[in-house]
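The values are calculated or read from the model by the stated rules, or taken from the named source; none is laboratory data. The structure displayed is predicted, hence computed values, not measured ones. When we count neighbours, we look across all protein chains shown, and the Cβ atoms used for this are built from the backbone with ideal geometry, even at glycine. With ligands, DNA and RNA removed, areas are computed over all heavy atoms of the protein, side chains included. Shrake-Rupley method; radii C 1.70, N 1.55, O 1.52, S 1.80 Å.
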Amino acid sequence: MTLNTLPGTEVHLEVLLARKESIADNVVRLTLRHPEGEALPAWEPGAHIDLVLRPDLVRQYSLCGDPRDRSVLEIAVLRERDGRGGSAFVHNELFDGDRLRIRGPRNHFKLVDAARYLFIAGGIGITPIVPMIAEADERGADWELCYGGRARSSMAFGPELSRKYGDRVVLRPQNEAGPLDLDDLLGYPEEDTAVYCCGPEPLMAAVEQRCHAWPQGALHVERFAPAEGADSGPRGRFDVELARSGVTVTVPPGKSILEVCEDIGMPVFSSCRQGTCGTCETPVLEGVPDHRDSVLTADEQAAGDTMMICVSRACGKRLVLDL
Ligand code: FES
């Protein structure tokens, strides 16, 4: 994990878009290579990269290829109908042979050790799950994938996963079979099962709600949009001491800690700026953070050792950060 306490350690790399291909309705797969054919950074299932489309347009995409193949990185991008411009740029303005900058890989969605895995994917949320399944299968674990989508033709990787893994993979195109039956999937908490979910916010919220009865830590989710209500609550003024820089700044109600750091010219990592990617994670030395991110687990938030400074604030009047 890259923390803001280690500036300069994250990989920034120029890559070549070797191939852009359609793999489902409104979904393209991008295959990225090193321009000189060198090995690309190592990664583990669940990892994502930042794609720097323009300096002001940076988006996170899960890696969906084979981590053992260091010659390429693969991502799949859904054209979002009401998106903020990233997916439209990928679909309309990127072509084979283009050069792109990437950052990362970064992983907040690691595959833990478990006897059994239940993977639940909705739509393009299948992308981080594809390499996870391969890893779980290779580990000899018992696993099952329930993959829902609007229609069969919109479900990227669906046919190949079914072909490869048979009835461990349950495809639920909504127009044929209705929505995923979460009560059936999650109605009986299991002690030894890790649940992994990625997909649209309503699916993840529904899975979270049903997993309240499951053992603590059983559920693992990956979000690329903030959880509902995550950045809510009062936005009071507070002070932040930047311990390594020896500077204290005041964060007003209308700004984030990240913005205030940028205002004074402090170099800090950031990417999504909405509490979903983990790039701006910063160690907390004193004080209690008011966590508003969608990355840290409940246990990690309660521990308060780190915080996402793009959205999270202070419970009290002062924080000391390792910046
Ligand atoms: Fe993405 Fe803060 S910049 S979590």
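Across the range 272-288, in residue order, what do the Karplus-derived ³J(HN,Hα) couplings come to in whole Hz, using 6.51 cos²θ - 1.76 cosθ + 1.60 with θ = phi - 60° and x for Gly and Pro?
Residue by residue, the range 272-288 yields 6, 6, 9, x, 10, 9, x, 4, 8, 4, 9, x, 9, 9, 8, x, 10 Hz.
Tell me, which longest segment in the chain has none of the GluC sites (Glu not before Pro) that fall in DSSP loops with at most 13 further Cβ atoms within 10 Å? The partial results should precede the final answer.
Numbers: sites that count: Glu36, Glu38, Glu191, Glu228.
The reported range is 39-190.
Expressed as a whole percentage, what fraction of the accessible surface of the range 165-262 belongs to carbon and sulfur atoms when a 1.4 Å probe is rolled over the protein heavy atoms?
On the way: 2500 of 5200 Å².
Its accessible area is 48 percent carbon and sulfur atoms.
Read phi for every residue in the range 35-42 and hand back ³J(HN,Hα) as whole Hz from Karplus 6.51 cos²θ - 1.76 cosθ + 1.60, θ = phi - 60°, with x for Gly and Pro.
x, 9, x, 6, 5, 8, x, 5
Could you please put Leu185, Leu51 in sequence from largest to smallest accessible area, using a 1.4 Å probe? Mind dumping the intermediate values first?
Details: Leu185 35, Leu51 0 Å².
Descending accessible area places them as Leu185, Leu51.
In sequence order, what are the phi-derived ³J(HN,Hα) couplings for the range 22-34 according to the Karplus relation 6.51 cos²θ - 1.76 cosθ + 1.60 with θ = phi - 60°, rounded to whole Hz, with x for glycine and proline?
Running phi through 6.51 cos²θ - 1.76 cosθ + 1.60 with θ = phi - 60° gives 7, 10, 6, 3, 6, 10, 10, 9, 10, 9, 10, 10, 5 Hz.
Once Lys and Arg get +1 and Asp and Glu get -1 on their Cβ, which of Asn92, Val268, Leu171 lies farthest toward the positive end of the dipole of the chain?
Of Asn92, Val268, Leu171, it is Asn92.
Taking the Cα centre of the range 133-240 as origin, sum charge times position over the Cβ atoms of Lys and Arg (+1) and Asp and Glu (-1), and report the length of that vector in debye to the nearest 20. Provide the component values of the computation, followed by the final result.
Working: 11 positive and 20 negative charges, 99 e Å.
Dipole magnitude for the range 133-240 comes out near 480 debye.
Please list log₁₀ I(q)/I(0) at q = 0.15, 0.20, 0.23 Å⁻¹ for the range 209-254, using the Debye equation with identical point scatterers on the alpha-carbon positions.
Rounded to two decimals, the profile gives -0.73, -0.83, -0.88.
If N is the number of residues in the chain, what value comes out of its Cα radius of gyration divided by 2.2 N^0.38 Å?
Working: Rg = 20.1 Å, N = 323, 2.2 N^0.38 = 19.8 Å.
Cα Rg divided by the expected 2.2 N^0.38 Å: 1.02.
Hey, got a sec? Which chymotrypsin sites (Phe, Trp or Tyr not before Pro) in the range 26-98 land in a DSSP loop and have at most 11 other Cβ atoms within 10 Å?
Working: sites: Trp43, Tyr61, Phe89, Phe95; in loops: Trp43, Phe95.
Counting only loop positions with at most 11 other Cβ atoms within 10 Å, the chymotrypsin sites (Phe, Trp or Tyr not before Pro) in the range 26-98 are Phe95.
Output needed for the range 187-283: three equivalent-ellipsoid semi-axes, defined as square roots of 5 times the C-alpha gyration tensor eigenvalues, in descending order, whole Å.
Numbers: eigenvalues 243, 41, 33 Å².
After scaling each eigenvalue by five and taking roots: 35, 14, 13 Å.
Viscosity 1.567 mPa s, temperature 4 °C: give me the Stokes-Einstein translational D for the range 91-216 in µm²/s, with Rh taken as the Kirkwood radius over C-alpha pairs.
On the way: Rh = 15.8 Å.
Approximately 82 µm²/s, per Stokes-Einstein.
Per-residue accessible area for Ile23 at 1.4 Å probe radius, Å² rounded to 10?
About 50 Å², rounded to the nearest 10.
How large is the convex hull of the Cα atoms of the range 25-83 per residue, expressed in Å³ as a whole number? Don't skip to the end; give the middle numbers.
Values: hull volume 5.9 nm³, N = 59.
Considering the Cα atoms of the range 25-83, their hull volume per residue is 100 Å³.
Kindly provide the pair-distance distribution of the range 52-153 built from C-alpha pairs, with 10 Å bins from 0 and whole-percent values in order of increasing distance.
P(r) over the range 52-153, rounded to whole percents: 12, 39, 34, 14, 1.
His91: net charge of surrounding residues, Cβ under 11 Å, Lys/Arg +1, Asp/Glu -1, itself excluded?
Values: positive: Lys20, Arg79; negative: Glu80, Glu93.
With Lys, Arg at +1 and Asp, Glu at -1, the net is 0.
Can you show me the helix-derived [θ] at 222 nm for the chain, built from DSSP H runs with n ≥ 4 at -39,500 (n - 2.57) apiece and divided by the number of residues, rounded to the nearest 500.
On the way: 8 runs with 61 residues, N = 323.
Roughly -5000 deg cm²/dmol at 222 nm, from the helical runs in the chain.
Could you name the lysines in cross-link range of Lys255, using Cα to Cα under 24 Å and dropping any fewer than eight places away on the same chain?
In chain and number order, the partners are Lys317.
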